[in-house]
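Report on one structure; see the data block that follows.
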């Protein structure tokens, strides 16, 4: 399956959530971020022993300074996987979420 590059961030987020849940991940997404810390990643996904944080952007989306700070801080936590995903990364997203074990920690 491929994702259209012109998909909205909202629809892209829903597709990633749906895929993760289909593959057995517990998924957390803050729907209304008004009182949440600025820049916290869009998705938190858990499938023990793996814990992933993913910031999702449209193809033209860019990170805020607060998002960069969160992603960099989370990358320092051993065993945590941190990603920045855009619709064009769909094949990589599928590969990462299907993988049983990984030591990747990148965005």
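The values are calculated or read from the model by the stated rules, or taken from the named source; none is laboratory data. Just so it is clear, the structure is predicted and the values come from calculations on it, not from any experiment. Methodologically, a virtual Cβ is constructed for each residue, glycine included, from the backbone with ideal geometry; neighbour enumeration extends over all protein chains shown.
I'd like to check something: does segment 87-107 contain any residue that is modelled with pLDDT of 95 or more and not in a helix (DSSP H, G or I)?
No, segment 87-107 contains no residue that is modelled with pLDDT of 95 or more and not in a helix (DSSP H, G or I).
Return yes or no: is residue 56 exposed (fewer than 12 other Cβ atoms within 10 Å of the Cβ) and closer than 15 Å to residue 94 by Cα?
Spelling it out, it is not the case that residue 56 is exposed (fewer than 12 other Cβ atoms within 10 Å of the Cβ) and closer than 15 Å to residue 94 by Cα.
Only residues that are under 15 Å from the mean Cα position of the chain (by Cα), at pLDDT below 95 and not in a strand (DSSP E or B): list them for segment 17-34, please.
Scanning segment 17-34 gives 30, 31.
Return the residues of segment 59-74 that are at pLDDT 95 or above and either within 16 Å of residue 10 (Cα to Cα) or crowded, with 16+ Cβ neighbours inside 10 Å (or both); say none if nothing qualifies.
63, 67, 70, 71, 74
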